[in-house]
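In what follows, a single structure is set out as C-alpha cells and then discussed.
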Amino acid sequence: MQKIVIINTRCANFSSVMMALRRLGCEAVVSDEAEAIRNADKLILPGVGTAAAGMENIEKYHLKELITETRKPLLGICLGMQLLSSMSSENAGTGSQEISCLGVVPGTVSLLKAGSLRLPHMGWDQVDVLGDCPLFRGIPNHSYFYFVHSYALSLTDKTAASCTYGEKFTACVNNGNFFGVQFHPEKSGPIGARLLQNFLEI
C-alpha cells in the first residue's frame with residue numbers, strides 16, 4: 001500500500017482530505033516529521049487561511065526544504081496550491097504585503113478581480129482543462145469543482161486548467177512532480193474523487 005503523507009502545516013482541515021482518501025481505499029497520515037515526509041510515496045499539502053500564516057508555519061516547523069526538494073508527486077490544495085507559487089500579495093489592514101512562498105511553480109497569487117461578483121468565490125464552477133495533465137485523465141472538460149477562495153494564482157505557462165470568476169485564474173498548476181488545485185477535490189463529489197484517484201496513480 002502506498003504511503004500517503006498529508007503535510008502538517010497547522011493551517012488546514014485534514015479530516016476531509018483523509019476521509020476522501022479513505023473512500024478510495026487509501027489511508028493517509030498527517031505528519032511534519034522529516035523521515036515520514038521523505039519516505040512517503042505521495043505528499044499532499046492542504047491549507048486554509050492566509051499565505052503569511054501558512055509560510056510562517058512552514059518555516060517554523062522546518063518544512064520548506066522538505067517540500068521544495070522532494071521528487072515525490074505532491075498535490076497542493078487551495079491555500080496549499082497558492083503556497084507553491086513564487087509570491088502571494090495579501091491585503092493587510094489598509095495596505096498589502098508581499099509574501100515569499102515556496103517558489104516551485106511560477107506566478108503570483110493576488111486578490112481576484114471579481115468586479116461586481118462576491119468574494120469569496122464560493123461554490124461549484126467549471127474548469128477548462130489545458131493540455132494533458134494526468135490529474136484530469138478520464139474527467140470531461142468543463143467539469144464542475146467546488147471552490148472557496150478570494151485569492152488566486154495568475155495564469156502561467158505551467159497552468160494546467162483555468163477557471164473564470166470575474167477574471168481567468170489558474171485552477172490547476174503542474175510543474176514536474178508538483179501539482180496544485182485551487183478547488184477542493186475532497187468536496188467535489190465523484191469528479192473530485194476521480195482527480196484524487198488520478199493523483200494516487202501518478
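Observations
- Net charge contributed by nearby residues that have their C-beta within less than 13 Å of Ala36 (K/R +1, D/E -1): 0
- Efficiency of FRET between Lys60 and Ile202 - r from beta-carbon atoms, R0 30 angstrom, step 0.05: 0.50
- Spin-label model, Asn177/Ser100: points 7 Å from Cα along the beta carbon direction are separated by 2.4 nm.
- Helix-only [θ]222 nm of the chain, DSSP H runs n ≥ 4, -39500 (n - 2.57) each, per residue, nearest 500: -6000 deg cm²/dmol
- Measuring between alpha carbons in the structure, the pairs from Lys60/Lys187; Lys64/Lys158; Lys42/Lys113 lying more than 31 angstrom apart are Lys42/Lys113.
- Loop sites in segment 1-94: GluC sites (Glu not before Pro), DSSP, at most 15 other Cβ within 10 Å: Glu27, Glu33, Glu69
- Amide proton proximity set for Cys78, modelled H, under 5 Å, gap of 5+: Val181, Gln182, Phe183
- Contact order relative to length of segment 1-44, as percent, for alpha carbon pairs under 8 angstrom and 6 or more apart: 60 percent
- Scaling against 2.2 N^0.38 Å puts the C-alpha radius of gyration of the chain at 0.94.
- Theoretical gain in end-to-end length, Ala114 to Glu33 [0.36 nm per residue, Cα-Cα removed]: 25.2 nm
- Mean sequence separation of contacting Cα pairs (under 8 Å, at least six apart), scaled by the length of segment 102-202, corresponds to a relative contact order of 30 percent.
- Solvent-accessible area per residue in the chain equals 45 Å², computed with a 1.4 angstrom probe and all protein chains kept.
- Here the contact order of the chain, divided by its residue count and restricted to Cα pairs under 8 Å and six or more residues apart, works out to 19 percent.
- Anisotropy class of segment 102-156 from Cα gyration tensor, a/c 1.5 cut: oblate
- Derived scalar couplings between HN and Hα for segment 23-38 equal 5, 8, x, 10, 9, 10, 10, 9, 8, 10, 7, 4, 5, 5, 5, 5 Hz in order, rounded to whole Hz, by the Karplus curve 6.51 cos²θ - 1.76 cosθ + 1.60 (θ = phi - 60°), x for Gly and Pro.
- Label zone at Thr164 (point 7 Å along Cα-to-Cβ), backbone N below 16 Å, segment 123-140: 125-130
The values are calculated or read from the model by the stated rules, or taken from the named source; none is laboratory data. Keep in mind it's a predicted model, so treat the numbers as computed, not measured. Positions of Cβ are backbone-derived with ideal geometry, glycine not excepted, and every protein chain shown enters the neighbour counts. Note: areas computed on protein heavy atoms with side chains; ligands, DNA, RNA excluded. Shrake-Rupley method; radii C 1.70, N 1.55, O 1.52, S 1.80 Å.
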